[in-house]
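This report refers to the structure that appears directly beneath it.
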């Protein structure tokens, strides 16, 4: 990992050069994330500010992008943060890029060795028109989180086949667990995680790419079959009697309280979960759902959480880049991220040896790595499809669970929204950064 | 006699149902982690103030309190003056275009704030007032002034015209009549306006998020979001934050309750 | 004392000076942005990029054919109707009852009005929690043997809109109660007593004396409730975001989805303008009816 040392040096030199300037500059950073998740960004800002007397890094946290109505108007007005996190993909992120509000990061990409760190899969989601626009913050995989104590109590093991899965669910119901798999379906996006995973399983990585970037259709057989299976699981009561009446946060509270055997979610819950479960935190583990059909392969899900953007007319781009470098390109920064429960993009190497990774996170990573050779599929289809399709999918998924729509109707609605979005040029293009 | 007691019983049931959710929120805010699994209507057995301390310090409520008081107090006072003056002109002075103006003011009741956040931001920005208390105050006033002009107007209509006429004959200017005759008998509607505007300003979230993006400018309503993400929430801290936010407004309500009830629209009934 | 010209001048100036502060702030920070939204509604615009394309009535024509718009339209009407019935009807009844009570009046009144002080997001959090399948409300029904009434309130497409409207009414009815109480205090007691002497029952006296006398106050409550309920956004967004499926989708949430989340700002603006026009029409129609009654 010589590269990281080299980068660290360049960061240090960069700040030394900046030290020559007399006036103190303020670099404003807006980050979004769940409460508690964003502490690491504040710590880093304080450290960097202390190390460079001439630069002050000010972090403003927002617990959600939706609750930050100021971001888009501020950027449109040519002001706002120098550096900020935001979603990636079509819709608003694409509009920010097309509107010229965010800076082209391609020069930094080559200059600071980002090209050696950022994997191609991530690049796909953060680049457009051959240029890099955002630095993907972390890799998020999803898996089934489960309560080992309940499994033990009921006498079941981690299911490896669909038959075992069915048996496990039956045994849990028998033992009085009305909701074998927690699902906070009042939050539509949380059903969409199931949809992304199951669409990926049934269609495989090529099948998904074929729809996203070529002329595949959401009405193709694998998607209908996946929707059908999801609906079936719902009507068989796998998600409890009323998943749509419960929201995600409420469901997670019950899960950490030890009332739910399983739930399908991602790494962002781990830190809060460790706090909530206290000394029972060791009870929780993660596995990948078994194949849904015979002959199906397990394909792990992987998406990036958010992207870091720099405002196009910021006067402190270099300072902003220094912050990103310190966070993502130094072994120390990466170790801190890992310890904080986030997995920075790119090879982990030394950082993973130094970091104290929460056990749940380690289990999630292991479960992904075991099947990585099968390729990966997007964990959050809703973030890479146009808003128009996302809203149709969200409503449709609740309709599936409430038996208000058939799998065929669901996939047809997806397809017609998709076609309209493509017509209007809203669909994501295949990414990639042009070689220098 | 029986009817009296029945009435009292029915009202008590309604009052209990109305206040139960708030009481349960207070309960939750005082519960230690070990009691969170208990039913919500269970009072806390070993009440703790740790959540309040957490909200006040880590949650930044200590910092945000001053901002909130400042904005809400100015909002309330200024609103009383601008709304009562406008309503005075609408009721006591004759001028052309009054009907049109009445409709223009009425329009303000219908504007959905969510629809106008983009142009509102650029308007406030063009005055250089983003991240300033003044920007939020002006936006608050603009978006609520219609309601209070409406209320003051319906109150002033009930003031006998003869009172105004008599003062005119005595040679008083319009401003003198407004200040010496009309305002002194308008205490109820003044208190109502002050309280409502204070409360709305105190609780508003959207305009604060939009116009005060700097952390040190935040208000309590924004601070509450520190405990509520899209995917997680901290129910005890949320409850404690809610109680902290509610206490000053409830106190004002209790203090001014008497005027408040008498006021409102007694003018509307002739 | 004044010369003719200066008195004429003061005639023009006086109303202007009185109106100026309110009008200047209002026109700048409320009306001007609203007019901008009207202008956006004739454009195809993503809300971000510098170019807007003029599409004339395009967005409005699209709205006319938009099935979901009409769903949201119907929901908004049902929502407002429910809230008006509760806040105006029940609000009046509660106020009337309170006005005949002396003992414990202040504490009862305070308890009933209390929810008014809570922030909308707080109201949403509280009621999401109460409406959970095994939340307080269902547990209470089960506790008193009314199992049949226990429902997954926010998960049921048939009841969610009314469940949320109820929560909204809970947090706003206090305002109606206060306004009605004020009005009731001003109703002429003599009229009421005369009716009682003529042998009218309490209910008859209420119906024939109190209610007509309260008509102007009722108008105030009605208009404030109507305009506020049509614009509601927070409580829906913080609980169901319009779901399950679209059963609690209102014009305000649909506007936000299409405009901000789908980057179709022009279309969102058109929905916003439609919302504004609909509330205005409803208010004007109501005022016309009232005026006819008064005449």
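Computed from the coordinates by the stated procedures, all read-outs in this text should not be read as laboratory data. Everything numeric here is computed off the predicted structure, so don't read it as measured data. Positions of Cβ are backbone-derived with ideal geometry, glycine not excepted, and every protein chain shown enters the neighbour counts.
Please label the shape of segment A:238-278 as rounded, prolate or oblate, based on the square roots a ≥ b ≥ c of the eigenvalues of the alpha-carbon gyration tensor (a/c under 1.5 means rounded; beyond that, a/b larger than b/c means prolate, else oblate).
prolate
Which distance in Å, rounded to a whole number, links the C-alpha centroids of segment A:220-245 and segment A:125-183?
Distance between centres, Cα-based: 15 Å.
Calculate I(q)/I(0) for segment C:176-295 by the Debye formula, one identical point scatterer on each C-alpha and no solvent, and give its log10 at q = 0.14, 0.16 Å⁻¹ to two decimals.
-0.76, -0.85
If you bin the C-alpha pair distances of segment B:49-268 every 5 Å from 0, what whole percents do you get?
Bins of 5 Å from zero give 1, 7, 13, 15, 16, 14, 12, 9, 6, 4, 2, 1, 0, 0 percent of pairs.
Given just the C-alpha atoms of segment A:83-158, how large is their convex hull per residue in cubic angstrom? Display every interim value, and only then the final one.
On the way: hull volume 11.4 nm³, N = 76.
Value for segment A:83-158: 150 Å³ per residue.
Kindly give Rg over Rh for segment B:1-157, based on alpha-carbon atoms, with the Kirkwood expression for the hydrodynamic radius.
Working: Rg = 23.2 Å, Rh = 20.5 Å.
Ratio of gyration radius to Kirkwood radius for segment B:1-157: 1.13.
Would you please calculate the Kirkwood hydrodynamic radius of segment B:72-134 over all C-alpha pairs and express it in Å, rounded to one decimal?
Details: mean 1/r = 0.0701 Å⁻¹.
Here the Kirkwood hydrodynamic radius works out to 14.3 Å.
Expressed as a whole number of Å, what is the distance separating the alpha-carbon centroids of segment C:215-244 and segment B:204-253?
22
Let me check the size of segment C:106-226 from its C-alpha atoms; what are the radius of gyration and Dmax in Å?
Radius of gyration, then largest Cα-Cα span, for segment C:106-226: 19.1, 53 Å.
For segment C:66-294, what is Rg from Cα atoms divided by 2.2 N^0.38 Å, rounded to two decimals? Don't skip to the end; give the middle numbers.
Numbers: Rg = 20.1 Å, N = 229, 2.2 N^0.38 = 17.3 Å.
That ratio works out to 1.16.
When only Cα pairs under 8 Å and 6 or more residues apart are kept, what is the percent relative contact order across chain C?
Values: 307 pairs, mean separation 84.5, N = 295.
RCO, chain C: 29 percent.
Per residue and in Å³, how big is the convex hull formed by the alpha-carbon atoms of segment A:172-280?
112
For chain A, what mean projected area does the convex hull of the alpha carbons give, in nm²?
Details: hull surface 82.0 nm².
Mean projected area of the Cα convex hull: 20.5 nm².
Find the Rg to Rh ratio for segment A:232-349, where Rh is the Kirkwood radius over alpha-carbon pairs and Rg uses the same atoms. Display every interim value, and only then the final one.
Values: Rg = 19.3 Å, Rh = 18.0 Å.
Over the Cα atoms of segment A:232-349, Rg/Rh equals 1.07.
Enumerate the residues in segment C:12-35 having an amide nitrogen under 20 Å from the point lying 7 Å beyond the Cα of residue C:287 toward its Cβ.
Under 20 Å, as judged by backbone N against the label point of residue C:287, lie C:19-20, C:22-24, C:26-28, C:30-32, C:34-35 of segment C:12-35.
Given C-alpha coordinates of segment A:356-436, what is the ratio Rg to Rh with the Kirkwood estimate of Rh? Mind showing how you got there, number by number?
On the way: Rg = 17.5 Å, Rh = 15.7 Å.
When Rh is taken as the Kirkwood radius, the ratio is 1.12.
Using the number of other C-beta atoms within 10 angstrom as an exposure proxy, rank A:405, A:262 with the fewest first. Provide the component values of the computation, followed by the final result.
Numbers: A:405 21, A:262 26.
Going from sparsest to densest Cβ surroundings: A:405, A:262.
Which percent of Cα-Cα pairs in segment A:284-365 sits in each 5 Å bin, short to long?
3, 12, 17, 17, 16, 12, 9, 6, 4, 2, 1, 0
Can you tell me the mean projection area, over all orientations, of the convex hull of the protein assembly as shown's alpha carbons? Units nm², please. Display every interim value, and only then the final one.
Details: hull surface 179.8 nm².
That works out to 44.9 nm².
For chain B, what does the helix formula give at 222 nm: sum of -39500 (n - 2.57) over DSSP H segments with n ≥ 4, over the residue count, nearest 500 deg cm²/dmol? Can you show the working numbers first?
Details: 11 runs with 177 residues, N = 270.
Value at 222 nm, helices only: -22000 deg cm²/dmol.
Taking the alpha carbon gyration tensor of segment A:193-244, what are the square roots of 5 times its eigenvalues, largest first, to the nearest whole Å? Let's see the in-between values first.
Values: eigenvalues 124, 18, 13 Å².
They are 25, 10, 8 Å, listed from largest to smallest.
Rg and Dmax of segment A:93-205, Cα atoms, in Å?
Cα only, segment A:93-205: 21.1, 60 Å (Rg, Dmax).
Before anything else, pin down the relative contact order of segment B:49-268: Cα pairs under 8 Å, at least 6 apart, normalised by residue count, whole percent.
Values: 221 pairs, mean separation 81.3, N = 220.
Answer for segment B:49-268 is 37 percent.
Would you kindly give the portion of the calculated P(r) for segment B:1-79 that falls above 14 Å, as a percent of all Cα pairs? Provide the component values of the computation, followed by the final result.
On the way: 2298 of 3081 pairs.
For segment B:1-79, the share of Cα pairs beyond 14 Å comes to 75 percent.
Would you list the P(r) distribution for segment B:141-270, with all Cα-Cα distances sorted into 5 Å bins from 0 and each bin expressed as a whole %?
For segment B:141-270, the pair-distance distribution reads 2, 9, 14, 14, 15, 12, 10, 8, 6, 4, 3, 1, 1, 0.
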